[in-house]
Amino acid sequence: MSLLNTATEALVDVNNAFRYLEFAIRLMCYCESGHLELKDFDADVSILFERENVGFPSGSFSDIEAVITPAQALVGMAFGASAMVLDAAFEVAGFKNNPNSRQPNDELRTLVYMVRCAFAHNPALPLWEVRGAQYARMISIKVSGTVIEIDLSSLHGLPFEYDHIGGFASWLRIRAASEVLIRQGYSK
């Protein structure tokens, strides 16, 4: 397989991962806004598969909190998957993680790697994994005119919070800047 095909596939994977994240966020907002008809959603469900049928009885999602909590968890898992896929795309493009460099492209690459690490071991409860002096430092990057500053040295072992990276909007800016770098790497 040529590098160009690999690049195209990696960017398609990134696009899909972020589309799934968008879907999860939309679903969460839909549930939080009270638009979900619980009586319809919390019905008995039987799924007929080729090998074996699976059934889920009603009662698991009979109140709004029973729906909102898993919807929020689904956002976290989709977020983590987007970080892992974006990190993998950097690898495919030949952008190795260089945490000792303070160059803007390397800072961006390191930040994506660190977010990926937070989700890699337990996507249901992501924790910052900031090991080694090369990572335990301040990262400052400018993406789409916005400066994102993160003191990684203060985050090791803490639960990942979206606000640590500036929220979902910053994550989308990080994605856009990363895709530019990945495309540039593929065109070399």
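The values are calculated or read from the model by the stated rules, or taken from the named source; none is laboratory data. Model, not experiment: these values are computed from the prediction. Positions of Cβ are generated from backbone atoms using ideal geometry, with glycine treated the same way; all protein chains shown enter the neighbour counts. The accessibility values were calculated without ligands, DNA or RNA, using every heavy atom of the protein model including side chains. Shrake-Rupley method; radii C 1.70, N 1.55, O 1.52, S 1.80 Å.
A few comments on the model shown:
- Restricting attention to the stretch 47-96, the residues that are charged (D, E, K, R) and outside any loop (DSSP other than H, G, I, E, B) add up to 3.
- Top-ranked residue in the stretch 134-188 [being touching a Leu at 6+ places or on another chain (Cβ under 8 Å), assigned to a helix (DSSP H, G or I) and basic (Lys, Arg); ranked as most open to solvent (accessible area, probe 1.4 Å)]: Arg183
- The lone criterion from (1) free of Cβ contacts under 8 Å to residues at least 12 places away in the same chain; (2) surrounded by 12 or more Cβ atoms within 10 Å (Cβ to Cβ) left unmet by Ser46 is number (2).
- Among the criteria (1) part of a loop (DSSP other than H, G, I, E, B); (2) open to solvent by less than 20 Å² (accessible area, probe 1.4 Å); (3) under 16 Å from Val75 (Cα atoms), the one Leu125 does not fulfil is (2).
- The stretch 7-20 residues that are farther than 13 Å from Ala88 by Cβ and of a type in the set (Phe, Trp, Tyr), paired with ones that are at pLDDT 95 or above and surrounded by 17 or more Cβ atoms within 10 Å (Cβ to Cβ) (beta carbon under 7 Å, 6 or more apart): Phe18/Ser82; Phe18/Arg175; Tyr20/Ala78; Tyr20/Ala81
- Residue satisfying all of: in the stretch 150-187; out of contact with any strand residue (DSSP E or B) (no Cβ under 9 Å at 6 or more places or on another chain) and among the aromatic types (Phe, Trp, Tyr); modelled with the lowest pLDDT among these: Tyr186
- The stretch 131-147 residues that are in contact (Cβ under 8 Å) with a residue 12 or more places away in the chain, paired with ones that are assigned to a loop (DSSP other than H, G, I, E, B) (beta carbon under 6 Å, 6 or more apart): Gln134/Pro99; Gln134/Asn100; Tyr135/Pro99; Ala136/Val130
- When Arg109, Arg131 are screened for being of a type in the set (D, E, K, R) and buried (at least 16 other Cβ atoms within 10 Å of the Cβ), only Arg109 passes.
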